1. If you go through region 43-54 one residue at a time, do you hit one that is outside any helix (DSSP H, G or I) and under 21 Å from the mean Cα position of the chain (by Cα)?
2. Being under 30 Å from residue 170 (Cβ atoms), outside any strand (DSSP E or B) and modelled with pLDDT of 95 or more narrows it down to one residue among 95, 81; which is it?
3. Any residue at all in region 117-135 that is more than 15 Å from ligand 1 (Cβ to nearest atom) and assigned to a strand (DSSP E or B)?
4. Step by step: first the residues of region 289-315, then only those that are part of a helix (DSSP H, G or I) and more than 16 Å from ligand 2 (Cβ to nearest atom), then the one that is farthest from residue 30 (Cα to Cα). Which residue is that?
5. Exactly one of these conditions fails for residue 154: (1) surrounded by fewer than 21 Cβ atoms within 10 Å (Cβ to Cβ); (2) in a helix (DSSP H, G or I); (3) within 16 Å of ligand 2 (Cβ to nearest atom). Give me its number.
6. Looking at (1) more than 20 Å from residue 311 (Cα to Cα); (2) touching a residue at least 40 places away in the same chain (Cβ under 8 Å); (3) within 22 Å of the chain's Cα centre (by Cα), which is the one condition that is false for residue 6?
7. Restricting attention to region 91-116, report how many residues are within 16 Å of residue 325 (Cβ to Cβ) and within 16 Å of ligand 1 (Cβ to nearest atom).
8. Which pairs do you get when a residue that is under 22 Å from residue 16 (Cα atoms), found in region 110-134, comes within reach of a residue that is away from ligand 2 (no atom under 16 Å from the Cβ) and assigned to a loop (DSSP other than H, G, I, E, B), reach meaning Cβ atoms under 7 angstrom, with the pair 6+ apart or on two chains?
Ligand code: KG4
Ligand code: ZN
């Protein structure tokens, strides 16, 4: 099956053409308009999606040498995300499906992140455990078979990506802060100061990031600006040690507890270089396999939406022209699909 995927849930306008696990094109346009505001402005995101969606889809078709008539179906993110942003993609794809008389399917953005693990020759097999880490989500899920999710743990407050972004803002770094902290921390001493790991006294698979964020805020308020500037890489490394430490400890313990031999990591924070090295090192003694998607499939992209959509279309799932956008859609929640 050759599928066109479209993703517009936040500040990336993306379109991709895939065939099976093979990505034929994956075009991503990141909106720079939000930089000056230090975060995503929903109305500006929707307007930018409106301007870009047609050229981005055309670029994805051209790059993959695909005509609309060659496609077997369309997949589009219908939640969770910003309502105005989601509506642009959903309605555009509904229009394509109606005009070209092709099947189409609404895809859960988080399910898309899980399916980024199947793109290319990943060799990922069931059952596997997925650590989902993005700007809006921090969850551990066990996946025994296609499209089935057992939630093992989740954040009780902030998502880890959100913690990266908020801490970066406290430190005066530009949005999105995750990649900035990742880069700076590489030259820092992670033991320069100690930041707390949320819920470290509980035997839980849940996460908490609000205490860590407050600890960094207090540290910044109590430290002279010149000291902060001089030790920026050290502070980033110490924060990252606590934030990523929780992810690695819970994930490895969950895999051992549920006797799962394969871990996958998905979502924007899966691009973090420290998480990539720490998770692999921690899993090795237990002979647990760790798979990270390629970098371009970690942050928001349409190839992962196309791949999840392909799985659903192959199993006979279809959306109707009544498909709506759902800002708070949960993983495993089914909406408006026939
Ligand atoms: O999956 P994603 O692109 O969008 C959402 O669905 O939220 O994830 C975006 C999040 C942001 O919080 C961003 O700071 C974080 O992923 N991120 C990173 C890195 N690259 C992106 N966090 C830490 N290290 C990175 N290298
Ligand atoms: Zn995402």
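The values are calculated or read from the model by the stated rules, or taken from the named source; none is laboratory data. Just so you know, these numbers come straight off a predicted model, no measurement behind them. Neighbour counts are summed over all protein chains in view; Cβ atoms, including those assigned to glycine, are modelled from backbone coordinates with ideal geometry.
1. no
2. From the options 95, 81, the qualifying one is 81.
3. Yes, region 117-135 contains a residue that is more than 15 Å from ligand 1 (Cβ to nearest atom) and assigned to a strand (DSSP E or B).
4. So, considering only residues that are part of a helix (DSSP H, G or I) and more than 16 Å from ligand 2 (Cβ to nearest atom), the one farthest from residue 30 (Cα to Cα) is 314.
5. (2)
6. Status for residue 6: all satisfied but (1).
7. 6
8. 117/124; 118/21; 118/124; 119/21; 120/21
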